[in-house]
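The values are calculated or read from the model by the stated rules, or taken from the named source; none is laboratory data. The structure presented is a predicted model; accordingly, all values stated were derived computationally and were not measured. All Cβ positions, glycine included, derive from the backbone under ideal geometry; neighbour counts span all protein chains shown. To get the accessible areas, we keep the full protein, side chains included, count just its heavy atoms, and leave off ligands, DNA and RNA. Shrake-Rupley method; radii C 1.70, N 1.55, O 1.52, S 1.80 Å.
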Amino acid sequence: MSTFGTSAYLKLISLNPKPQRTELRKRLSPSDTSYDFHRSLRLHANRLLAKGESTESVLESVGRIAKLPERTSVQAGLAALLNWRASHPSKLFEIRSHIYTSPNDIFKIGFSADFGTVIDGRRCAVHLWNTKNPPLSKRLTIGTLSLLKQSYQDIDNLVVLSLLDSQLLWSVEDPRYTAIGHNIALRIEEVILSVEGELRTPTKDRRTPPAPPYPLA
C-alpha cells in the first residue's frame, strides 16, 4: 500500500488527470527511485524551529547542500519562513503525526505538521509548502485538510503555509469540504487501481483508459 507524504499528496491532487496518472505510474513502478527534493527544507526547518538551533548554524548547513537547485530552494524557503515567523511570533509546540487510510484501504497519507503555533488565537498544525508547480488547488487542499482534521480533536485547524507567497490555507468545519476531501481520495484510489492494472499488463496489450471529468468532488 502506497503512503504519501502531505506535500506529495497535495501535489498529486493538484495535477490535471494526465500528469497525475504519470506521477502515479512513476511512484508505483518497481524501478522507481524517487527523490524527495523538499525533504531538506523540512529537516532544516525542524532544526530551526523544533530544535532551536541558531539561524546562522542552520543557514551554514544549507550552504553545504551539493545540488544548486535544491540549495537555492531551501534558502528561499527558509528566508520566507523566517519572515513569516517574524510577523507571527507565537509560541511553538509539537504536533503528533497521523496516518490517514483511504476509504477502501488503497493508500495512506502521512500527515506531518512541521510545527504547531497559534494563529489569530487558534491552535494550528502547520505544514510547509514550497513547490512551484503545480500550483496548489485551493479547493482540494482545503477539502483534504478538512478531512484530515477529523483526527486532530485537540487542534483548531490544520494549515498549509505556502512559502512561495506566505498564503495560508485552512481546514474548515464544513461537511461540504470534508466530502470534497473524501471524494478526491476515492478518485485517487480509482487511478491507483487503474495504473496498477496497467503496469501488470504486457506493454503490447496496454490501453490507457480515458480520464474522467476532473475534479470529482
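In summary, Asp165 fulfils each of the numbered conditions (1) within 29 Å of Ala50 (Cα to Cα); (2) crowded, with 16+ Cβ neighbours inside 10 Å; (3) charged (D, E, K, R) with the single exception of condition (2). Among residues belonging to region 125-141 that are modelled with pLDDT of 95 or more and over 12 Å from the mean Cα position of the chain (by Cα), point out the one that is nearest to Ala50 (Cα to Cα). For region 125-141, the residue satisfying everything is Ala125.
A quick yes/no check of all residues on (1) among the small types (Gly, Ala, Ser); (2) free of Cβ contacts under 8 Å to residues at least 40 places away in the same chain; (3) not in a strand (DSSP E or B):
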residue: Leu59; (1), (2), (3): no, yes, yes
residue: Arg64; (1), (2), (3): no, yes, yes
residue: Gln75; (1), (2), (3): no, yes, yes
residue: Leu78; (1), (2), (3): no, yes, yes
residue: Leu81; (1), (2), (3): no, no, yes
residue: Ala86; (1), (2), (3): yes, yes, yes
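Checking each residue in region 138-162 for being open to solvent by 10 Å² or more (accessible area, probe 1.4 Å), assigned to a helix (DSSP H, G or I) and over 16 Å from Lys108 (Cα atoms) picks out Lys138, Arg139, Ile142. Might you check whether a residue that is touching a residue at least 24 places away in the same chain (Cβ under 8 Å), under 25 Å from Gly116 (Cβ atoms), part of a loop (DSSP other than H, G, I, E, B) and in contact with a strand residue (DSSP E or B) (Cβ under 8 Å, 6 or more places away or on another chain) occurs anywhere in region 38-49? No: region 38-49 contains no residue that is touching a residue at least 24 places away in the same chain (Cβ under 8 Å), under 25 Å from Gly116 (Cβ atoms), part of a loop (DSSP other than H, G, I, E, B) and in contact with a strand residue (DSSP E or B) (Cβ under 8 Å, 6 or more places away or on another chain). Of all residues in region 173-189, those that are under 18 Å from Lys11 (Cβ atoms) have Cβ atoms under 8 Å from Cβ atoms of residues that are assigned to a helix (DSSP H, G or I) and open to solvent by 60 Å² or more (accessible area, probe 1.4 Å), 6 or more apart or on another chain, in Ile180/Arg139.
Restricting region 1-37 to residues that are among the polar types (S, T, N, Q) and surrounded by 13 or more Cβ atoms within 10 Å (Cβ to Cβ), which is modelled with the lowest pLDDT? By that ranking, first place goes to Ser2. The sole residue among Ile99, Ile106, Ile95, Ile119 that is more than 26 Å from Glu189 (Cα to Cα), open to solvent by 20 Å² or more (accessible area, probe 1.4 Å), in contact (Cβ under 8 Å) with a residue 40 or more places away in the chain and over 12 Å from the mean Cα position of the chain (by Cα) is Ile95.
Filtering region 81-98 to residues that are under 16 Å from Ser112 (Cβ atoms) and small (Gly, Ala, Ser) leaves only Ser97.
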